[in-house]
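The values are calculated or read from the model by the stated rules, or taken from the named source; none is laboratory data. All figures in this text were calculated on a predicted structure; none of them were measured in a lab. Virtual Cβ from ideal backbone geometry, glycine too; neighbours counted across all protein chains shown. For accessibility, only protein heavy atoms count, side chains too; no ligands or nucleic acids. Shrake-Rupley method; radii C 1.70, N 1.55, O 1.52, S 1.80 Å.
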Amino acid sequence: MKVSSSDIISYISIAVIIVSLFFIGVKVTGYAVTGNETGVVNVTITTSAALNFTTALLDFGAGTVTPGTRALVWTNGTAIDWTGSTPTGQLVLENIGNVNLSVTLQTNKTAADFLGGTTPAFKAEVSDSAGNTGACTGTQIFSTYGDINTTPQIACGVLGYNPGLDTVDINFFINISDNVIGAKTVGVVAIGTY
């Protein structure tokens, strides 16, 4: 196979183009670079506000009110004029976010809509959970038993987010007249803001 002079010129032209492409942007200085270079690593941590009822169901159980009286029942195990068992539990609310929260509580029914009867009462009390002393600070409407209703009320001015400072117990009290019967249910809503 015979190579013509035009083929040789074509091959040399292609070789020159390839070598030129290789050296585009390369500066030959004759010495190695000895300076330091710096890179950057970036991370952005966002705020996360979240509440969780770790105990979300409280059952007062079944019973009757002693005729001619009013039943007074607390979730701490105390009951007056109530034939049912006495509840010994509470709702437990935890801040599972990464920021302190102001927490309000409200119900989805008034005491009259929830319990019925004559002058019913439904009250809440908020306290630090065991092992969480100091979890709830600031304004506290429910530091003692107070009426809980459909209006948001400050339960905890500041609920911390650090483990051991992020959980509160919500205890309840009900006052039921002797003319009430049937199953009764109410929703409790916790709202956290920061």
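In the chain, the longest principal axis of the Cα atoms and the axis of helix 5-23 are about 40 degrees apart.
Estimated from the Cβ-Cβ distance and a Förster radius of 25 angstrom, the FRET efficiency linking K109 and V180 is about 0.95.
When trypsin sites (Lys or Arg not before Pro) are flagged only if DSSP places them in a loop and at most 13 other Cβ atoms lie within 10 Å, the longest unflagged stretch of the chain comes out as 28-194.
Quarter the surface of the alpha carbon convex hull of the range 35-135 and you get the mean projected area, 10.4 square nanometres.
Between F53 and S5, the simple spin-label model (points 7 angstrom out along Cα→Cβ) gives 9.7 nm. Along the range 103-113 the Karplus relation, 6.51 cos²θ - 1.76 cosθ + 1.60 evaluated at θ = phi - 60°, assigns HN-Hα couplings of 10, 10, 10, 7, 10, 9, 9, 6, 4, 5, 6 Hz to successive residues, with x for each Gly and Pro. Which of V65, V40, V168 ends up with the largest GNM mean-square fluctuation for the chain, with Cα atoms connected below 10 Å? Largest GNM mean-square fluctuation: V40. For the range 58-150, carbon and sulfur atoms together expose 51% of the accessible surface, with a 1.4 angstrom probe and every protein chain in place.
Taking the Cα centre of the chain as reference, the dipole from Cβ charges on Lys and Arg (+1) and Asp and Glu (-1) amounts to some 580 debye. The residues of the chain expose, per residue, 62 Å² of accessible area to a 1.4 Å probe.
For V16 and T38, the difference between the fully extended length at 0.36 nm per residue and the C-alpha to C-alpha distance is 4.3 nm.
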